[in-house]
Amino acid sequence: MKNGFYYLAGPHKGTPVQEADRVETSLKLTVAFLTQGIHVFSPIVYSLKIAEALNFSSTEERRRIILSYLLEFLKVSRGMILVTMEGWKESWGVQQGLKFCQENQIPVYTVDPTQISSDLSEVLSSPLDQEQLDHLLEAA
């Protein structure tokens with residue numbers, strides 16, 4: 001494996017059931033990548049407890065503090081892997097990550113949650129081109 005890690009982006013906010021499902025899906029994908037020798041940083045898995053401990057007084061405060069923190073990870077990653085689970089198009093955080101990647105020429109890959117048991121290195125075989133990335137941002 002090459003040095004470095006990928007940033008695993010997916011939606012989080014939603015109903016309590018959606019949030020629990022999204023965290024579980026992100027965790028399963030993180031484990032699947034790791035067991036295949038691919039290091040990923042999963043913001044949903046990693047920052048959930050941090051956000052709970054900080055007990056933000058508003059969504060704006062949480063976004064301001066957590067987003068700048070997470071973008072530092074994205075900046076030094078080998079690329080962003082977008083988990084195309086329900087809610088990604090509406091996710092403010094995912095959209096901020098995609099825009100950041102576009103502005104900073106960071107490769108973007110997509111993974112469908114159903115690919116969890118497949119060879120995940122295939123996901124990383126070809127990043128989205130600029131037209132595909134533009135289309136993702138327009139879809140939101």
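The values are calculated or read from the model by the stated rules, or taken from the named source; none is laboratory data. What you see is a predicted model, and the numbers here were worked out from it, not measured in a lab. When we count neighbours, we look across all protein chains shown, and the Cβ atoms used for this are built from the backbone with ideal geometry, even at glycine. Calculation scope for accessible area: heavy atoms of the full protein, side chains included, ligands and nucleic acids excluded. Shrake-Rupley method; radii C 1.70, N 1.55, O 1.52, S 1.80 Å.
Simple rule: put +1 on each Lys or Arg Cβ and -1 on each Asp or Glu Cβ in the stretch 43-85, find the dipole, and look at Ile81, Ile44, Ser57; the Cα lying farthest toward the positive end is Ile81. Just checking the listed ones, Leu54, Leu29, Leu98: in the Gaussian network model of the chain with Cα springs under 10 Å, the one fluctuating most is Leu54.
Name the shape class, rounded, prolate or oblate, that the alpha-carbon gyration tensor gives for the stretch 1-90, where a ≥ b ≥ c are the square roots of its eigenvalues, rounded holds for a/c under 1.5, and otherwise prolate holds if a/b is larger than b/c and oblate otherwise. Could the numbers behind the result be given before it?
Numbers: a/c = 1.95, a/b = 1.35, b/c = 1.45.
In terms of gyration-tensor shape, oblate.
How much solvent-accessible surface does Ile81 expose, in Å² to the nearest 10, with a 1.4 Å probe and all protein chains in place? Estimated to the nearest 10 Å², Ile81 gives 0 Å².
Largest first, what is the accessible-area ranking of Arg63, Arg22 with a 1.4 Å probe? Provide the component values of the computation, followed by the final result.
Numbers: Arg63 80, Arg22 15 Å².
Ranked from most to least accessible, the order is Arg63, Arg22.
Could you tell me whether the stretch 26-77 comes out rounded, prolate or oblate from its Cα gyration tensor? Rule is a ≥ b ≥ c as square roots of the eigenvalues, rounded for a/c under 1.5, then prolate if a/b exceeds b/c, otherwise oblate.
Details: a/c = 3.89, a/b = 1.87, b/c = 2.08.
Cα axes put the stretch 26-77 in the oblate bin.
So what is the relative contact order for the stretch 42-140, in percent, with contacts set as C-alpha pairs under 8 Å and at least six apart? Worked out over the stretch 42-140, it gives 25 percent.
Arrange the residues Glu24, Glu138, Glu122 by how much accessible surface each exposes, largest first, with a 1.4 angstrom probe. It would help to have the intermediate numbers written out before the result.
Working: Glu24 80, Glu138 140, Glu122 120 Å².
Output order, biggest surface exposure first: Glu138, Glu122, Glu24.
The Cα center of the stretch 66-140 and the Cα center of the stretch 12-55 differ in position by 15 Å. Taking every protein chain into account, the accessible area of the chain amounts to 57 square angstrom per residue (probe 1.4 Å). Cα gyration tensor of the stretch 68-140, axes a ≥ b ≥ c as square roots of the eigenvalues: rounded (a/c below 1.5), prolate (a/b > b/c) or oblate? Cα axes put the stretch 68-140 in the rounded bin. Set the Förster distance to 22 Å, then compute FRET efficiency between Ala51 and Ala139 from the Cβ-Cβ distance, nearest 0.05. The computed FRET efficiency comes out at 0.25. Taking amide H positions as modeled 1.01 Å from N, with prolines and chain starts lacking one, the residues under 5 Å from Ile81 and 5 or more places away or on another chain are Tyr7, Leu8, Ala9, Tyr109.
For the options Thr35, Thr25, Thr110, a Gaussian network treatment of the chain with springs between C-alpha atoms closer than 10 Å singles out Thr35 as fluctuating the most.
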